[in-house]
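Before any comments, here is the structure.
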Amino acid sequence: MDEYTKIQEMAEEIKKLREEIATETVQFQWFDLFKRVAAAILIFIIGMYIIRFLRKLFHNFLIKKNSSHGFRHFADVAFKIGLYIILLTAIASVLGIETASIAALVASIGLTIGLALQGSLSDLASGILLVTLHQIRRGNYVYLAGNKDQFLEVDEIRLFYTSFLTVTKSRLYIPNSKVLNEKIENLSVIGKTKVEVDIGISYASDMKQAKKIMEKILMENEYTLSEEIEIFIKNLEDSSVTITGRAWVMPQDYLKAKFSITERIKEIYDEEGIVIPYPQMDVYLQNTESKRQSKGAEEL
């Protein structure tokens, strides 16, 4: 009986010891988890400051290298993504998450996004080509798709689209793939461009006087650069002689120069009696009754 009691007491002591060990283990696990979470939060806060500092250094480096605005944007986005991946990997390691699992998850997510956004990836690739080939830059003045009525200023080349400013200062967004595949006439390649004005005068007007007037107007215009002004006969049309004038202007003054020159030419030509013909139709009406009577008289 005494031995049985001793064995029972020993069993109860072992049970209490196991409970104490289990309690201490749970407490240790919670404490360990708390330390991991606290360390992850600390790494995240410090990492964000480091990322901000490194991005600023990288941005200043690109500016010193005279990189274009579009290239700086693309490089900054790629650099930021890389830094965030490193930061998230460090946080996952502290929390005890295996790096291989993270890599597999990121790969699967990337594949899914890539299949879902094939068109957007085409825009992204086109944006990279636009930035690296330097076909257009921020601040350039262009005609897109050969449309002379759409004078655009390049505002910004983003990851998936390019924004343009119109003449009315509204913003136009065009996917990068479309911009890359369209015909682009860049007026800002050499820092200046030529404005061209076509005016048709009648065959009866003094052609030499019309050319002299146009030359003077081009030279005196506030937007034209006083160098290499061209005046010549461009075409002999059905009802007019087309005189063309060309002068150098700054790209941002292209439309202002064109409009002001055209208006001034019209004013001076009117004063000097130089006729600018316009399409017209002459209609001749014949009295059918008198025609019928004259025909009857001939028959008699």
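Test Gln280 against the criterion of being closer than 30 Å to Thr242 by Cβ and modelled with pLDDT under 70, and give yes or no.
Details: closer than 30 Å to Thr242 by Cβ: yes; modelled with pLDDT under 70: yes.
Yes: the conditions hold for Gln280.
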Restricting region 225-249 to residues that are modelled with pLDDT of 90 or more and within 32 Å of the chain's Cα centre (by Cα), the one surrounded by the fewest Cβ atoms within 10 Å (Cβ to Cβ) turns out to be Arg246
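Residues of region 250-274 being of a type in the set (Asp, Glu) and either within 17 Å of Lys212 (Cβ to Cβ) or open to solvent by 70 Å² or more (accessible area, probe 1.4 Å) (or both), which ones?
Narrowing region 250-274 to residues of a type in the set (Asp, Glu): 253, 263, 267, 270-272.
Of everything in region 250-274, those that are of a type in the set (Asp, Glu) and either within 17 Å of Lys212 (Cβ to Cβ) or open to solvent by 70 Å² or more (accessible area, probe 1.4 Å) (or both) turn out to be Glu263, Glu267, Asp270, Glu271, Glu272.
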All positions within region 148-206 that are small (Gly, Ala, Ser), closer than 26 Å to Asp123 by Cβ and out of contact with any strand residue (DSSP E or B) (no Cβ under 7 Å at 6 or more places or on another chain): Ser170, Ser177
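Look through region 129-146, keep the residues that are aliphatic (A, V, I, L, M) and either under 16 Å from Leu172 (Cα atoms) or open to solvent by less than 60 Å² (accessible area, probe 1.4 Å) (or both), and return whichever of them is modelled with the highest pLDDT. Before you say what the answer is, go through the steps one by one.
Restricting attention to region 129-146, the residues satisfying the condition of being aliphatic (A, V, I, L, M) are 129-131, 133, 136, 142, 144-145.
Then keep just the ones that are either under 16 Å from Leu172 (Cα atoms) or open to solvent by less than 60 Å² (accessible area, probe 1.4 Å) (or both); that gives 130-131, 136, 142, 144-145.
On the way: Leu130: 80, Val131: 77, Ile136: 83, Val142: 87, Leu144: 80, Ala145: 72.
Top of the filtered list is Val142.
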Return the residues of region 147-177 that are open to solvent by 70 Å² or more (accessible area, probe 1.4 Å), modelled with pLDDT of 85 or more and among the charged types (D, E, K, R); say none if nothing qualifies. Arg171
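Within region 201-218, how many residues are within 27 Å of Pro251 (Cβ to Cβ) and either assigned to a strand (DSSP E or B) or under 35 Å from the mean Cα position of the chain (by Cα) (or both)?
Step one: list which residues in region 201-218 are within 27 Å of Pro251 (Cβ to Cβ), which gives 211, 213-218.
Cutting the leftovers down to either assigned to a strand (DSSP E or B) or under 35 Å from the mean Cα position of the chain (by Cα) (or both) gives us 218.
Looking only at that region, the number is 1.
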Please indicate, with yes or no, whether at least one residue in region 46-60 is modelled with pLDDT under 70, aliphatic (A, V, I, L, M), more than 30 Å from Ile157 (Cβ to Cβ) and in a helix (DSSP H, G or I). no
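The values are calculated or read from the model by the stated rules, or taken from the named source; none is laboratory data. Everything numeric in this text was worked out from a predicted model, so none of it was measured. FYI the Cβ positions are ideal-geometry reconstructions off the backbone, even for glycines, and counts take in every protein chain you see. Quick note on the areas: whole protein, heavy atoms, side chains included, nothing else; ligands and nucleic acids left out. Shrake-Rupley method; radii C 1.70, N 1.55, O 1.52, S 1.80 Å.
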